[in-house]
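Remarks on the structure that follows.
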Amino acid sequence: MCGIVGYVGKNQAKEIVLNGLTKLEYRGYDSAGLSLFDSKVNRFEVFKETGRVTELKKALEMTLESSVAIGHTRWATHGKVTRENAHPHVSRSGRFILVHNGVIENSDVLYQQYIPDYDLKSETDTEIIAHLIETFSKQFTVDNAIVTTLKLLEGSYALLVIDKETPDIIYAAKHKSPLLIGLSESGGTAIASDVLALAGYSDHYVPLTDHSFVVCEKDKARFFNFELENIKPDIYEVSSDILNSDKGLFDHYMLKEIEEQPSVIRQIIQTYEVNGVIEVDDVIVSDMKKSDRIYIIAAGTSMHAGMLGKRYLERLAGIPAEVHIASEFAYHLPLLSSKPYFILITQSGETADLRASLKAIEHLKRPVLTITNVKTSTLAREATYFLDVKAGPEIAVASTKAYVAQASVLLILAYALSNKSYPVKEVLSKLANNMEVFLANQSMDSIAKDFLDKRHAFFIGRGINYDLALEAALKLKEISYIQTEGFAAGELKHGTIALIEEGTPVFALISDAHMNHQTRSNLKEVDARGAKTCVITLRSLSKETDDVILEDVDPLVAPLLLVLPTQLLSYYAALQRGFDIDKPRNLAKSVTVE
Ligand code: M6R
């Protein structure tokens, strides 16, 4: 969580860091801060505000000439949302200033051991890092003082440090939390926790590996490990889709990302089509074929995509698959088969619960495949293999196009493992077309108004649509704060139906011919108890009275079409309530704490 940005160079550091923080605000948005070297008065200043980056911008309205700055947008973990707890944090004498993304698990122990007499200014786990660096700087060079501190830290961190005595250097370090160094022929060195903040300022970037320490100057960056030995960085180009990652004509990223879904599917087809044939890397396929069971591990929406993936792998490829919540799997390993294969699904590629799961299976030395939207992410690098879902940057906290992309890639993977009789390309192409048909004519705004007038709601479905019901419910509660449950339609009567009262909204998701009748019967049961029911279904299964009818697609991908009206329902419910759609309360886009 949190976003960090730094810049040293000949351009205006204040603007670059503030623009970067605005782009990263989706990662954390309860407070923001910045420190910059004001060349007029020849000193570093620190500014912090609670609330959004716009508050910080107001505090920084006066013109300040600066060529060095570091900034932070926070998602509180240790300590409340206060100005004192906002970053940057400063060492006791004021010499070292730093911003941190991650969690220092042993901060209390280090405090007791090294500086028990210090009066801390904040409740954070970060402030101690500044004090430790200063303590060690009395014995060592700055580089050594920083790496000595880093070696003591347990937990995760992406750090930017300024030493007032060398104002044209930013020191950067990374362990477990993402950090990238942006390089530019013309314009200085930028540093950020997400490549989005580098777009426009850097031509190339280096995603740091764990235990990296970097000395950033205006015309170069030097890369070291914690023994201060030089390391050779992997350099990537900043791609054009990152440059194009603004909202365009849309009011919200979420709406833009919903609308992009047909083109995401087409992009996936293009990526995985080689000489007219849909293919997945042979090495991945042959390793999977040698395994006896697939374990899919993920969180939130990615886990819901994994549930569809399980169905695809079992139905198309006949390989048994299990889906696990990452935070549970990491510390309660199930009884594993003798030749397990692990799939991690993650939009960001940085989710801490997945990293903990990866650690828990490391000793097994079995193949791990990460399916992600960020090919330079930590989990893409740490797994044996990775597949790119090609959704393009997803900025809204509520995940939409990544879900559809992850499930589509899982379908392609299952196809690659199968006897290949399933017409995967045609199925996905038709899905993209029928998504467009729906998006061009939808009226989910008025359905949201008609149906969502209570504090709670239900989505019900059977089979593959039960998986979808869970995703639809997560999306609605996440951004509209309506308490929503996704339920297996046939299970309601075993207890939960007690919650149905006059006017309770119940949305039924129907796309399987052989369960149409049963789901409609379950809907009648809640209807009889006063529920306000809404049917979302496919043309061939529809009745005249149904509320949302979409054109037919193959049953395996029907949830990827039916998800569209549920995403829009959530979007409009949040819009009608005046909520911040792209940045819902208490959440962050990339969950890098366990
Ligand atoms: O980056 P990941 O896919 O690993 O993130 C997993 C979840 O945190 C994420 O899907 C979350 O549930 C979304 N906010 C849901 O919209």
Based on other C-beta atoms within 10 Å, arrange H72, H100 from fewest to most. H100, H72
Quick one: 3J(HN,Hα) in Hz for region 230-237, Karplus 6.51/-1.76/1.60 with θ = phi - 60°, rounded, Gly and Pro as x. 4, 10, 8, x, 8, 10, 10, 7
Express in nm, to one decimal, how much length is gained between L120 and E426 on full extension, taking 0.36 nm for each residue of separation and deducting their alpha carbon distance. 103.9 nm
Could you state the orientation-averaged shadow area of the convex hull built on the Cα atoms of region 247-441, in nm² to one decimal? 11.0
When the charge dipole of region 1-44 is computed with +1 on Lys and Arg Cβ and -1 on Asp and Glu Cβ about the Cα centre, the Cα farthest towards its positive end, among G33, A13, G3, belongs to A13
Helix 142-152 versus the longest principal axis of the chain: what angle, 0 to 90°, nearest 10, using Cα atoms? 40
How much length is gained if the chain between N144 and M62 is pulled fully straight, taking 0.36 nm per residue apart and subtracting their Cα-Cα distance, in nm to one decimal? 25.9 nm
Straight-line reach from K151: which aspartates and glutamates fall under 18 Å, measuring Cα to Cα and dropping same-chain residues less than 8 apart? E105, D108, D125, E127, E134, D143, D210, E227, E229
Please give the direction-averaged projected area of the C-alpha convex hull for region 168-237, in square nanometres with one decimal. 4.3
Work from the charge dipole of the chain (Cβ charges, +1 for Lys and Arg, -1 for Asp and Glu, about the Cα centre) and give the residue of S212, H514, T533 farthest towards its positive end. H514
So what J values fall out for region 106-116 if you push phi through Karplus, 6.51 cos²θ - 1.76 cosθ + 1.60 with θ = phi - 60°, rounded to Hz, Gly and Pro as x? 9, 4, 5, 5, 5, 4, 4, 6, 10, 9, x
Roughly how many debye, to the nearest 20, is the charge dipole of region 3-243 about its Cα centre, given +1 on each Lys and Arg Cβ, -1 on each Asp and Glu Cβ, and no other charges? 380
Using 1/(1 + (r/R0)^6) with R0 = 60 angstrom and r between the beta carbons of S286 and K493, what's the FRET efficiency to the nearest 0.05? 0.85
Using amide H atoms built 1.01 Å from N in the peptide plane, name the residues 5+ places from K532, or on other chains, whose amide H lies under 5 Å from its own. G503, T504, V506
Can you give the translational diffusion coefficient of region 442-579 in µm²/s, computed by Stokes-Einstein from the Kirkwood radius over Cα pairs at 20 °C and 1.002 mPa s? 147
Candidate lysines for bridging to K359, where Cα separation is under 17 Å - those fewer than 8 sequence places away on the same chain excluded: K176
Rounded to the nearest Å, what's the spacing between the alpha carbon centres of region 268-301 and region 68-87? Just the number, please. 40
The chain: radius of gyration and largest Cα-Cα distance (Dmax), Å: 25.2, 80
Residues meeting the amide H criterion for H78 (H placed from the backbone, H to H distance under 5 Å, 5 or more places apart or on another chain) are D125
Apply the Karplus parameterisation 6.51 cos²θ - 1.76 cosθ + 1.60, with θ equal to phi minus 60°, to every residue of region 432-447 and state each ³J(HN,Hα) to the nearest whole Hz, in sequence, with x for glycine and proline. 4, 4, 6, 5, 4, 4, 5, 4, 6, 10, 6, 10, 6, 4, 6, 5
Cα-based helix-to-principal-axis angle, 513-527 vs the chain, degrees rounded to 10: 80
Under 16 Å from the Cα of K290, which lysines turn up, not counting those fewer than eight places away in the same chain? K339, K365
At a 10 angstrom cut-off on C-beta neighbours, averaged per residue, how do the peptides 134-143, 560-569 rank from highest to lowest? 560-569, 134-143
Assigning unit charges at the beta carbon (Lys, Arg +1; Asp, Glu -1) and nothing else, what dipole magnitude in debye, to the nearest 20, does region 42-168 show about its Cα centre? 260
With n ≥ 4 as the cut-off for DSSP H runs, can you work out [θ] at 222 nm for the chain, using -39500 (n - 2.57) per run divided by the number of residues, rounded to the nearest 500? -10500 deg cm²/dmol
Give the angle, between 0 and 90 degrees and rounded to the nearest 10, that separates the Cα long axis of helix 261-272 from the longest principal axis of the Cα atoms of the chain. 80
Charge-dipole axis of the chain as Lys and Arg at +1 and Asp and Glu at -1 on Cβ define it, positive-most pick from N419, Q406, N433: N419
Hey, can you grab everything whose amide H is under 5 Å from the amide H of L179? Only 5+ residues off in sequence or another chain; H modelled, so Pro and N-termini drop out. L208
For region 524-592 and region 332-361, compute the distance between their C-alpha centroids and round to whole Å. 30
Hey, got the dipole for region 247-441? About the Cα centre, +1 on K and R Cβ, -1 on D and E Cβ, debye to the nearest 20? 400
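No value in this document is a laboratory result; all are computed from the given coordinates. What you see is a predicted model; the values in this text were computed from it and never measured. Cβ coordinates were reconstructed from backbone atoms using ideal geometry, including for glycine residues, and neighbour counts include every protein chain displayed.
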